[in-house]
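The values are calculated or read from the model by the stated rules, or taken from the named source; none is laboratory data. Everything numeric in this text was worked out from a predicted model, so none of it was measured. Heads up, the Cβs are rebuilt from the backbone with ideal geometry, glycines too, and the neighbour counts pull from every protein chain shown.
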Amino acid sequence: MNYELILRGGRVIDPSQSVDSKLDVAFADKKVAAIGPALVAGPKTSIRDVSGQLVVPGLIDLHTHVYDGGTSLGIDAEDFCRMSGVTTSVDTGSAGPGNWRGFRQHVIERSTVRILAYLHVSHAGIYGFDRTVMVGESENVRMLNPAGCAAVADANRDVIVGIKIRVGRNSSGANGIAPLDMALQVGEETGLPVMCHIDHPPPSYDDVLARLRPGDILTHAFRPFPNSPVSQQGRVRESVHVARRKGVLFDIGHGMGSFAFKTGRAMLSAGFLPDTISSDVHKLSIQGPAFDQVTTMSKFLCMGMSLKDVIAASTVNAAMALRRPELGSLKPGSVGDATVLDIIEGKHDYVDAVGEHLEGSKRIVSTGVVVAGKWWHPV
């Protein structure tokens, strides 16, 4: 076969196939064409030597905010993805039914990298998020538009993968858990999963988990006290185990205030790994403490999570959460996305959302990506 691109000689780690070996990966017609040792190049094949580096399926960041210019917290998806090795950026509720058209037309359809989205039940999405103005969009029930959300989601199923809602003292105020009930109704109506943000109580972590359905996602799942999934003594809440057995998914969503090393250590020590690792990168977290996807992955690697599990949580697990099995894999026929990574040994300083520092011995960095079968180098 006349391959268009071959990544030659890297250590390929693809949890979707239980692959961890020195192999070549070839691309043609915007898809993964082959994976194996010493693939034969054609006369027009571009070859990139990635010896000594990791080749993994294109990274998926399940929690980002990339409605650049349309919301105050939006960042440029291409700039972020190019530096962070992400090939699929999933926007989580920046837009609602009232401003979805602008997000799709002016950002999603113009992007080189893939942008998928959870549509917010809030008519205008997350519209009041800044350093000087913090308005919880779920505080005003009149701004919630479940009927419009269902209609827009139905009409845009090619890029809308679920429904987003934010609850907690900062997001839903006196309305408590009621906005989540509205989002779940939209989920039932459309057959789409719900991603729920949780911040300070009320509602409680337990109350939110009790309502979520199989396939729904709790983001900010490893957040600090209050509304932490572990007790002061480091014991994982029984409601967390019950929810996982039910099929609820646990996403990191690091962001500005939603991940603590203390929580992470307790959860990992108990054998409770996150289903997905995501950055929750936006205007207020991109300069720290989240920074980007590979930094968030590095934190979990340095806390003792295996490299294979870290990669799975940013590839195949995320693809399954999105119900997009063509993503997150290097199986022939899959979408032609790949990320090339290095692991830099040394002393690396990491900080969480409450200001605790961790000195780690490893840092994952992106050295390049393949998007739709084409090499897309970092800046």
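Observations, loosely collected:
- As a summary of the residue check, Phe27 satisfies the conditions (1) in contact (Cβ under 8 Å) with a residue 60 or more places away in the chain; (2) surrounded by 24 or more Cβ atoms within 10 Å (Cβ to Cβ); (3) in the same structural domain as Phe250 (by TED's automatic domain parsing); (4) not in a helix (DSSP H, G or I) except for the one numbered (3).
- If only residues of region 244-264 that are in a helix (DSSP H, G or I) and among the charged types (D, E, K, R) are counted, the one that is farthest from Ser306 (Cα to Cα) is Lys246.
- Region 268-283 residues that are assigned by TED's automatic domain parsing to the domain that holds Asp130, paired with ones that are outside any loop (DSSP other than H, G, I, E, B) and of a type in the set (S, T, N, Q) (beta carbon under 6 Å, 6 or more apart): Asp275/Asn317; Thr276/Asn317; Ile277/Thr296; Ser279/Gln293; Ser279/Thr296; Val281/Thr64
- Each residue in region 265-293 was checked for being assigned to a helix (DSSP H, G or I) and surrounded by 24 or more Cβ atoms within 10 Å (Cβ to Cβ), and 1 pass.
- One residue from Ala243, Ala210 being buried (at least 24 other Cβ atoms within 10 Å of the Cβ), over 23 Å from Ser298 (Cα atoms), assigned by TED's automatic domain parsing to the domain that holds Val90 and at pLDDT 95 or above: Ala243
- For region 342-367, filtered to residues that are surrounded by 13 or more Cβ atoms within 10 Å (Cβ to Cβ) and of a type in the set (Ser, Thr, Tyr), the residue that is nearest to Cys302 (Cα to Cα) is Tyr350.
- Of the criteria (1) in a loop (DSSP other than H, G, I, E, B); (2) more than 24 Å from Phe250 (Cα to Cα); (3) in contact with a Lys or Arg (Cβ under 9 Å, 6 or more places away or on another chain), which one Glu139 fails: (3)
Matching residues to (1) assigned to a strand (DSSP E or B); (2) within 22 Å of Val281 (Cβ to Cβ):
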site	(1), (2)
Met195	yes, yes
Pro202	no, no
Arg213	no, no
Leu218	yes, yes
Pro224	no, yes
Gly234	no, no
Val242	no, no
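- Restricting Ser366, Ser361 to residues that are modelled with pLDDT of 95 or more, farther than 20 Å from Thr315 by Cα and not acidic (Asp, Glu) narrows the list to Ser361.
- From the options Val236, Val230, Val242, Val208, residue that is closer than 15 Å to Ile163 by Cβ and either aliphatic (A, V, I, L, M) or free of Cβ contacts under 8 Å to residues at least 24 places away in the same chain (or both): Val208
- Counting only strands (runs of 3 or more DSSP E) wholly contained in region 48-92, the ones carrying 3 or more residues that are farther than 20 Å from Lys308 by Cβ and either touching a strand residue (DSSP E or B) at 6+ places or on another chain (Cβ under 8 Å) or not assigned by TED's automatic domain parsing to the domain that holds Ala338 (or both) occupy 86-92.
- Selection status of Tyr118, in a strand (DSSP E or B) and out of contact with any Cys (no Cβ under 6 Å at 6 or more places or on another chain): yes
- Residue satisfying condition, being in contact with a His (Cβ under 6 Å, 6 or more places away or on another chain) and on the phi < 0 side of the Ramachandran plot, within set Gly360, Gly368: Gly360
- Ser18 vs. criteria touching a Phe, Trp or Tyr at 6+ places or on another chain (Cβ under 9 Å) and of a type in the set (Ser, Thr, Tyr): no
- Any hit, region 223-234, residues being at positive phi and modelled with pLDDT under 95: yes
- The conditions of being buried (at least 20 other Cβ atoms within 10 Å of the Cβ), among the basic types (Lys, Arg) and either in contact (Cβ under 8 Å) with a residue 24 or more places away in the chain or within 30 Å of Asp154 (Cα to Cα) (or both) are met by Arg82.
- Among the criteria (1) farther than 18 Å from Glu109 by Cβ; (2) at pLDDT 95 or above, the one Asp76 does not fulfil is (1).
- As for region 285-303, it holds at least one residue that is closer than 26 Å to Gly368 by Cα, more than 17 Å from the chain's Cα centre (by Cα) and of a type in the set (A, V, I, L, M, F, W, C).
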